[in-house]
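To keep things clear, I will list the structure first and then write my remarks on it.
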Amino acid sequence: MKRKKIAGMCSVLLMFSLVLPGCGSKNQVVNYGDAKEEAASITFFGNKYEPENVTVIEEIISDFMSENPEIRVSYESLKGTEYYEALEKRMSAGKGDDVFMVNHDAVLRLGAEGQLADLSELTAISEYTDRMLSQMDREGKIFWVPTTVSAFGLYCNLDLLEKHKQKIPENLSQWEEVCGYFKGQGITPIIANNDISLKTLAIGAGFYPVYQEGRQQEVFSRLNRGEDSLSQYLTEGFSLADRFIRKGYIDGERAVHTKKTSDDLEEFVEGEAPFMLTGAWAAGRTRDMEPGFEFQVVPIPILEDGALMVINADTRLSVNAHSKNEAAAKKFVEYFTQRENIQKFADQQSSFSPLKEGSPSSREEIQPLIACYQSGRTVIGADGMLNLPIWDLTAQASEKLLAGEALDSVLDWMDQRAEEERSVP
């Protein structure tokens with residue numbers, strides 16, 4: 001378990017670390033100066049735990065407290081699924097933090113329980129793009145605000161491709177051709193993880209026509225009511241993933257145990273595979289691992305006529321509806337979503353800004369994604385109009401497929417689980 005904590009107290013500058021026993025856990029605590037006794041204290045819980053992420057969050061917290069000495073902010077983080085398990089337990093026990101990070105599926109649960117405060121009066125709301133507002137607004141209320149737009153792409157080992165006289169694939173036929181070549185050379189071409197790799201393929205391929213035709217509201221309404229099944233849209237994408245596994249382009253037995261943006265990055269930087277499917281936000285982390293070769297993150301080439309990007313409104317912030325310091329918590333979220341802080345965070349995350357006229361990250365490795373993003377060849381991975389926990393359902397379906405379960409069985413399981421979710425009051 002990886003766990004980090006930043007506690008702030010008014011001004012700057014005392015920093016120290018605490019190492020706790022058990023599980024190799026390491027807590028980092030940063031204290032800022034002498035707090036006034038009357039200062040309000042708010043807690044901020046998130047799933048951004050990597051040192052580079054924590055550094056940016058620390059800077060924003062420090063600047064906020066310098067401008068608002070009457071408010072103290074402490075930040076604590078956990079990684080991945082551990083975070084969402086802890087979030088659910090804290091909220092269920094009535095011990096939720098004042099501010100916390102959420103994803104699409106957590107919003108469905110916590111929103112239905114009345115646990116999320118309405119943020120629609122924040123002045124930052126008017127700065128978001130119409131596309132982001134369509135995700136955030138629910139009958140005039142807003143229960144979360146994004147700080148980035150994350151992208152999922154195909155990492156390409158440029159040196160290995162050049163060595164084998166292969167090119168970056170621009171469509172599905174080219175991708176399968178390059179994968180077939182490397183498989184023939186005894187190289188498994190695609191590094192995949194057990195979470196986001198296959199589901200982004202499935203969601204991207206399945207819903208791309210819906211987005212291009214502008215039918216999201218119609219289709220997601222039908223899915224919400226159970227008039228359509230998820231498999232009607234995701235069969236094509238999961239069939240592609242299944243084909244890649246059966247052809248040996250993806251090692252299912254290995255991928256089922258491969259954790260996202262950790263195990264897969266370590267495997268990729270070894271330089272033995274030409275491709276990796278994961279989040280573009282890991283581009284900086286991958287570069288910092290000094291892979292010894294050049295790489296780029298490009299749109300996913302799963303269309304016959306080109307490539308697409310799967311994106312998400314990401315690093316979403318919510319305020320606890322039962323917070324004793326709701327006003328202070330909202331003031332902090334207001335500050336975090338100021339344009340300069342959004343840009344700082346998006347740049348560090350190798351992501352896009354969710355604000356009007358916001359700039360994408362300047363990181364060199366993700367520049368091939370920008371044209372695809374700006375041209376609208378995108379699919380939202382967990383669309384706010386869909387009232388099903390699609391991010392979790394497709395992750396579990398992907399794991400089953402990697403473990404060797406038959407495609408039809410996996411799709412039937414997914415539809416059954418979706419139906420059970422619809423029946424939950």
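The values are calculated or read from the model by the stated rules, or taken from the named source; none is laboratory data. As the structure is a prediction and not an experimental result, all values here were calculated from the model. We place every Cβ from the backbone using ideal geometry, glycine too, and count neighbours over all the protein chains shown. Just so you know, the surface numbers come from the protein's heavy atoms only, side chains and all, with ligands and any DNA or RNA stripped out. Shrake-Rupley method; radii C 1.70, N 1.55, O 1.52, S 1.80 Å.
Give me the dipole magnitude in Debye, nearest 20, for the stretch 27-176 about the Cα centre, with unit charges on the beta carbon: positive for Lys and Arg, negative for Asp and Glu. Don't jump to the answer; show the numbers that get you there.
Working: 14 positive and 28 negative charges, 120 e Å.
My answer is approximately 580 debye.
Looking only at the chain, where both bridge partners belong to it, what percent of the DSSP beta bridges are antiparallel (to the nearest 5)?
Bridges in the chain that DSSP calls antiparallel: roughly 70 percent.
As I understand it, the dipole of the chain uses +1 on the Cβ of Lys and Arg and -1 on the Cβ of Asp and Glu, about the Cα centre. Which of Thr278, Leu401, Leu122 lies farthest toward its positive end?
Leu122
Going by alpha carbons, how many degrees (0 to 90, nearest 10) lie between the helix axis of 407-423 and the longest principal axis of the chain?
30
Restricted to Cα positions, what overall size does the chain have along the principal axes? Three whole-Å values, descending.
So the three principal-axis extents are 69, 51, 45 Å.
Keeping every protein chain present and rolling a 1.4 Å probe, give me the accessible area per residue for the stretch 123-282 in Å².
Numbers: 6550 Å² over 160 residues.
Per-residue value: 41 Å².
Got a sec? What order do Tyr49, Tyr373 fall in by accessible area at 1.4 Å, biggest, i.e. largest, first? Write down the numbers at each step before the final one.
Numbers: Tyr49 20, Tyr373 60 Å².
Order by accessible area, largest first: Tyr373, Tyr49.
Please check the chain for the longest run free of trypsin sites (Lys or Arg not before Pro) that are loop-located per DSSP (anything but H, G, I, E, B) and have at most 14 other Cβ atoms within 10 Å. Numbers along the way, then the final one.
Working: sites that count: Lys36, Lys95, Lys165, Lys167, Arg215, Lys247, Lys324, Lys356.
So the longest stretch without any such site is 248-323.
Only four residue types carry charge here, +1 at the Cβ of Lys and Arg and -1 at the Cβ of Asp and Glu. Report the dipole size of the chain about the Cα centre in Debye, rounded to the nearest 20.
Numbers: 44 positive and 67 negative charges, 91 e Å.
Dipole about the Cα centre, nearest 20: 440 debye.
Taking all protein chains in place and a 1.4 Å probe, what share, in percent, of the accessible surface of the stretch 264-371 do carbon and sulfur account for? Before the final figure, lay out the partial values.
Numbers: 1700 of 3880 Å².
Ligands and nucleic acids excluded, carbon and sulfur give 44 percent.
Using a 1.4 Å probe over the heavy atoms of the protein chains, calculate the carbon and sulfur portion of the accessible area of the stretch 59-205 as a whole percent. Before the final figure, lay out each step's value.
Working: 2720 of 5840 Å².
Answer for the stretch 59-205: carbon and sulfur cover 47 percent of the accessible area.
Counting Lys and Arg as +1 and Asp and Glu as -1, each charge on the Cβ, what is the dipole of the stretch 274-389 about the Cα centre in debye, to the nearest 20? Working shown, then result.
Working: 11 positive and 14 negative charges, 113 e Å.
The dipole of the stretch 274-389 has a size of about 540 debye.
Indicate the gyration tensor shape class of the stretch 272-425 (rounded, prolate or oblate), computed on the Cα atoms with a ≥ b ≥ c the square roots of the eigenvalues: a/c under 1.5 is rounded; otherwise a/b larger than b/c is prolate and the rest oblate. Before the final figure, lay out the partial values.
Values: a/c = 1.92, a/b = 1.05, b/c = 1.82.
Oblate.
Measure of size requested: the Rg and Dmax of the stretch 317-402, with Cα atoms as the atom set and Å as the unit; please supply both.
Gyration radius and largest Cα-Cα distance of the stretch 317-402: 17.0, 46 Å.
Give the average over all directions of the projected area of the C-alpha convex hull of the stretch 123-200, one decimal, in nm².
On the way: hull surface 32.8 nm².
With the hull built on Cα positions only, its mean projection is 8.2 nm².
Mind grabbing the accessible area of Val269 for me, 1.4 Å probe, Å², rounded to tens?
About 30 Å², rounded to the nearest 10.
Between Gln367 and Ser92, what is the label-to-label distance in nm when each label sits 7 Å out along the Cα-to-Cβ direction?
My value for the distance between the label points is 4.9 nm.
Compute the long axis of helix 216-225 from its Cα atoms, compare it with the longest principal axis of the Cα atoms of the chain, and write down the angle in degrees, 0 to 90, nearest 10.
That helix lies at roughly 80 degrees to the long axis.
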